[in-house]
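For reference, the structure is listed below as structure tokens.
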Amino acid sequence: MSSPLEPYWALIETNFPLGGPRRHLIDLLGREVVGALEAAKLLAYQRMSDTYPCPRPGGDGCPRQVIEMSDGTYHAVCGNEPRECEDLVLKQKDVEHLGVDPKTLCDAVARALKVKAGFEGLDGLVGVFKVGIFIPDPGVRQPVFLAVRCSETDYAEVLDALRSRQEREAFAVLVPTDRFIGDGTARQLASFGIPLLPLDDVIGVEDSGLTALVDPLTFFQRIGQTGPGATTTAPSVVAQALICDGKGKRVWRDLDDRQYQDLVAAADDYLIFADELTKSVVKGAGPARQIATKVKVGYFRMIRAAVSKTVGYFDPAIDGPADQVSDKQIFQRARKAFDIKHSDNKTWTLFDSEKPENHAVYHLNPDPGATFAFVFVPAS
């Protein structure tokens, strides 16, 4: 089964090309993901690390220096005086520096997305690569590029530069995530028929390499499509849905009328199915399945805010819809309508909760195998 790679793509975007001591990468990404990436040769040994990232960066002696000891261990030692952190005792494997080779990464992405690999660096555009060619029909060749930046302004500039270089040729752009893509940039690219695909939405990893979590053809078939029909706010979009099949990562979908009807017809395939268009929530399985109608729109808006929170915990008072009062109580009522409580009467199927300083915050963390589909009206 594939593992999701959201933290990996986020690191790629802000630390390109990604690299560091194995122990540090495991702390950031998790042992399972690092192991899968190594097995797929997407993280490879490059050298022994002579430094180790500091938990309090900023001092003159940062990062910590790695020193090999006589007993075969390695110590990451603070270089500041006085020392600001204790020595970190490491094994040899911990300080082996693993890194990402851009060509290996692009070739793996091309295979996963069914693109003919053809890696090229672009002169004058650091962190931008030609991944390969999408061939929808004989004689039609559409370039696919990967662009890596870590600010909205930088993405706007490099994507404009790409469009100028390609002149009128249709192409597609891959980015690690869309968190730095401005709404104006996304709309402009769509109007020119240039699809923009965030890899954290569609790429996972198996021991054999990267794998697509969705059918890539649904994305690449939009290359060259211009006009209102190419944008996510087009009238044909009747709903937006967050879907989890219990196997891969959660994905957002823009649904036209046919796709919406197909999803509604498959409602019984999901442990929890919520539909803002009909204001209904169906949850549970078998005789215990429950159907609620006339569910408040405010509950859908609160749940949408909660599931859209991708970094850190969701605080209803801070992250909830701005015009809703008593946010904590609204979220608790919404969770009761949308989520399923476990038999211990303390924990839930979808949302975890924490109470730092006796203040409740929440996190979407579905039980393994839990399936759900949350259908919302299109965002304005």
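Values in this text are rule-based calculations from the coordinates and carry no lab data. This one's a predicted model, so the numbers in the text were calculated from it and none came from an experiment. Ideal geometry is used to build each Cβ from the backbone, glycine not excepted, and the neighbour counts take in all protein chains shown.
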About the Cα centre, and with charges only on the beta carbon of Lys, Arg (+1) and Asp, Glu (-1), how big is the dipole of the range 276-380? Nearest 20 debye, please. 500 debye
Three-way shape label, the range 283-380, alpha-carbon gyration tensor, a/c 1.5: oblate
Assign one of three labels to the chain, namely rounded, prolate or oblate, based on the Cα gyration tensor with a ≥ b ≥ c the square roots of its eigenvalues; rounded applies when a/c is under 1.5, prolate when it is not and a/b is larger than b/c, and oblate otherwise. oblate
Putting +1 on Lys and Arg Cβ atoms and -1 on Asp and Glu Cβ atoms, find which of MET48, ILE340, VAL115 reaches farthest to the positive end of the dipole of the chain. ILE340
Can you tell me the dipole magnitude for the chain around its Cα centre, using point charges on the Cβ only (Lys, Arg +1; Asp, Glu -1), in Debye to the nearest 20? 1040 debye
Starting from the range 35-88, pick out the GluC sites (Glu not before Pro) whose DSSP state is loop and whose Cβ has at most 11 other Cβ atoms within 10 Å. GLU86
I'd like the distance between the alpha-carbon centres of the range 302-380 and the range 142-171, rounded to an integer number of Å. 36 Å
Specify which residue in the list TYR74, PRO198, VAL238 is farthest towards the positive end of the charge dipole of the chain, using unit charges on the beta carbon of Lys, Arg (+1) and Asp, Glu (-1), about the Cα centre. VAL238
Taking the Cα centre of the range 1-158 as origin, work out the dipole magnitude from +1 charges on Lys and Arg Cβ and -1 charges on Asp and Glu Cβ, in debye rounded to 20. 660 debye
Compute the semi-axes of the equivalent ellipsoid of the range 1-154, taking the square root of 5 times each eigenvalue of the Cα gyration tensor, and list them largest first in whole Å. 36, 18, 12
Considering only ILE291, LEU277, HIS363, whose Cα is most displaced toward the positive end of the charge dipole of the range 239-376, charges sitting on Cβ of Lys, Arg (+1) and Asp, Glu (-1)? ILE291
Alpha-carbon gyration tensor eigenvalues x 5, square-rooted, for the range 328-369, Å: 17, 13, 10
Using only helices, what value at 222 nm comes out for the chain when you add -39,500 (n - 2.57) per DSSP H run of length 4 or more and divide by the total residues, to the nearest 500 deg cm²/dmol? -7500 deg cm²/dmol
